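Below is one structure, written out as structure tokens; comments come after it.
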Amino acid sequence: MSGFERFVDTFFKAELIAATLPNIVSGMGMTLLIAGLVVLTGIFLGLLLAALRSYRITPITVAIVIFADILRAMPPLVLVLIVYFGLPNVGLTLSGFAVLWLVLSLVLAAFAEEIFWAGIISIRKGQWEAARATGLTYTATLIWVILPQAVRLTIPPLTNRTIAITKNTALGTVIGVPEILNQATTAVSFSGNATPLMMGAIAYLVIFIPVVMLGRAVESRFSWKRA
Amino acid sequence: MMPEGPLLSAIGIAKRFGSLPVLHGIDFSVQQGEMVFIIGPSGSGKSTFLRCCNRLEEPDSGAMIFDGVDILGKGVEINTVRQRIGMVFQAFNLYPHLSVLGNVTLALRKVARKSKTEAERIGRAALESVGLSDKVDAMPGTLSGGQQQRVAIARALALDPKLVLFDEPTSALDPELVGSVLAVMRDLKQRGMTMVVVSHEMRFAREAADRVVFMEGGRIVEQGPPAQLFEAPREPRTREFLSRMMA
């Protein structure tokens, strides 16, 4: 067997591709589902926290900063394991799916909060003053004047961070969530061949390259000429 | 309609930033339909005082009687008051994410609770009054400074205020664009709008103001009709300031 044949046999074995493809496709569905849910809940929660923080009520600010710092400092894998294996001891059993969704949402929320907060404080004071001077309340100013601008500014860093965190759906493999990597490693353990892993890698690219491109498109669409 | 008496009266307005006193008990009033200019060196407290008139700055003490009500009093709904006191800023402060019409109609929609159609009708009329009917759908960033400031004036006018505060409205403009903004202010005066203007436009003050107030060191030093204040100032400090400004 030549080197090239050995390479093809290890990573691109035809019968294995055919046999594993349905599992990988179903793993892609699971990855997309969790990633989508994490993006929705994580970004929504992050925006909510950043908005709450802008009221500058000390106890709330302190709680948000502590939350954000801890979740940003902790490796997500550690959190996934603690929640999945720890919570049942206090009588709360969550499915692997729920744990992955919860943990990644909180991690994304922590990063998104910091990014949105940076966006909010970068909006010039004059924007607040102009809106308040027309009688808008603090909350109305935040919603209609500040957040639309802050959110646009945060699209590039937020897109990058969101991609980085949704890729962590692969952590689901250690708690039995049948996402792409879990499907691939299961197939590897049955076949003793790396082809399913290569398929998994390609599946991630199929999902995330369009996301990266979408991020770039959104970024240019949401920019506007500064007044 | 208000009977007699000033539209706005400041009584003993005092303000300090930390340990630094910036206003030492300002007494000041504006009559209905009057255009008053506040002039003075930078750091004299004139902008801070103007911002106390709609509580963008909270005075430490004193009273600010607007339309018969002390707006510094407890239980005053300041957001309601602010609909009737327009404000125009040096840096325009247009909302860059909204169109020109969006800028002018935001408070009509969200504060005055007008329908979209009604808000847009009022907004278009306000933009027409500042000569910008053709810029309704433009984004602020595509306009010249003079046009942006006229949009800002239209944004204030759209709420049908009784008083408009101008905080150095032409200081950020290129000289050739100043005229268009001053023309709008002159037109407003002719329509009877009450205005308080903090400005360095001495020639315009002399020509258009009903009264000029000279502030220095957080106090009103002197005030009077422009002819008197500019031609025959009583106070040496006023004379000194004017000679520097006119030089």
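Quick note: the coordinates plus some simple rules give every number you see, no bench work behind them. Only a predicted model underlies this, so the values are computations on that prediction, with no experimental measurement involved. Cβ: placed from backbone, ideal geometry, glycine included. Neighbour counts: every protein chain shown.
Look through region B:90-120, keep the residues that are in a helix (DSSP H, G or I) and facing another protein chain (nearest Cβ under 7 Å), and return whichever of them is surrounded by the fewest Cβ atoms within 10 Å (Cβ to Cβ).
By that ranking, first place goes to B:Lys110.
Look through B:Leu165, B:Leu159 and report the one residue that is surrounded by 14 or more Cβ atoms within 10 Å (Cβ to Cβ), more than 14 Å from the chain's Cα centre (by Cα) and within 11 Å of chain A (Cβ to nearest Cβ).
Exactly one residue qualifies, and that residue is B:Leu159.
Of the residues B:Arg113, B:Arg82, which single one is basic (Lys, Arg) and on the phi > 0 side of the Ramachandran plot?
Only one candidate passes the filter, namely B:Arg113.
If you check A:Ala14, A:Ala98, A:Ala68, A:Ala18, which single one turns out to be under 16 Å from the mean Cα position of the chain (by Cα), among the small types (Gly, Ala, Ser) and farther than 15 Å from A:Trp117 by Cα?
Exactly one residue qualifies, and that residue is A:Ala98.
Conditions (1) in contact (Cβ under 8 Å) with a residue 40 or more places away in the chain; (2) part of a helix (DSSP H, G or I); (3) within 14 Å of chain B (Cβ to nearest Cβ); (4) in contact with a helix residue (DSSP H, G or I) (Cβ under 6 Å, 6 or more places away or on another chain), marked per residue:
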{"position": "A:Val99", "(1), (2), (3), (4)": "yes, yes, no, yes"}
{"position": "A:Ala109", "(1), (2), (3), (4)": "yes, yes, no, yes"}
{"position": "A:Ala131", "(1), (2), (3), (4)": "no, yes, yes, yes"}
{"position": "A:Gln149", "(1), (2), (3), (4)": "no, yes, yes, no"}
{"position": "A:Thr166", "(1), (2), (3), (4)": "yes, yes, no, yes"}
{"position": "A:Gly172", "(1), (2), (3), (4)": "yes, yes, no, yes"}
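Looking at A:Thr185, A:Thr137 in this structure, which one is over 30 Å from B:Val111 (Cβ atoms) and either surrounded by fewer than 23 Cβ atoms within 10 Å (Cβ to Cβ) or small (Gly, Ala, Ser) (or both)?
Selected residue: A:Thr185, the only one of A:Thr185, A:Thr137 that is over 30 Å from B:Val111 (Cβ atoms) and either surrounded by fewer than 23 Cβ atoms within 10 Å (Cβ to Cβ) or small (Gly, Ala, Ser) (or both).
Any chance you could count how many residues in region B:49-68 are outside any loop (DSSP other than H, G, I, E, B) and buried (at least 22 other Cβ atoms within 10 Å of the Cβ)?
4
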